[in-house]
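Report on the structure given below.
Since every read-out is calculated from the coordinates, none of them should be taken as a lab result. Computed from a predicted structure; not experimentally measured. Every residue, glycine among them, receives a Cβ derived from its backbone with ideal geometry; neighbour counts consider all protein chains shown.
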Amino acid sequence: MYQDIDENVDMIALFNSGKVKPIKFRWKDRPVKVVQVTGKWKSDVGRYKVRHFAVVDDNDNFFQLAYDERDLRWTLEKIWVE
């Protein structure tokens, strides 16, 4: 099941031709390398978008991240816990 986190994270991401790809982020002073994006979707917030990403790290952990175009902020929204 997913556990809500809702914490800001530092992110390294690739922005190319209107597309965004998360590469690596820092959470709890630990770097997390994204090895696969398993899903992505957008939600509207007024005239801005929030881009959501479901990702897997190199230890097969699942995370849900969001990039908010209003303030250029990345948030770790949820993690998968068993």
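Given 0.36 nm per residue, what is the gain on full extension from D71 to V35 after removing their alpha carbon distance, in nm? Don't skip to the end; give the middle numbers.
Numbers: separation 36, 0.36 × 36 = 12.96 nm, distance 2.58 nm.
Between D71 and V35, full extension yields an extra 10.4 nm.
Compute the distance in nm between two label points, each set 7 Å from the Cα along the Cα-to-Cβ direction, one at K19 and one at S43.
2.4
Taking the Cα centroid of region 8-23 and of region 46-69, what is the distance between the two, rounded to the nearest whole Å?
Using only Cα atoms, the two centres lie 10 Å from each other.
Would you kindly work out the equivalent ellipsoid of the chain from its C-alpha gyration tensor and give its semi-axes, the square roots of five times the eigenvalues, largest first in whole Å?
Gyration-tensor ellipsoid for the chain: 20, 14, 12 Å.
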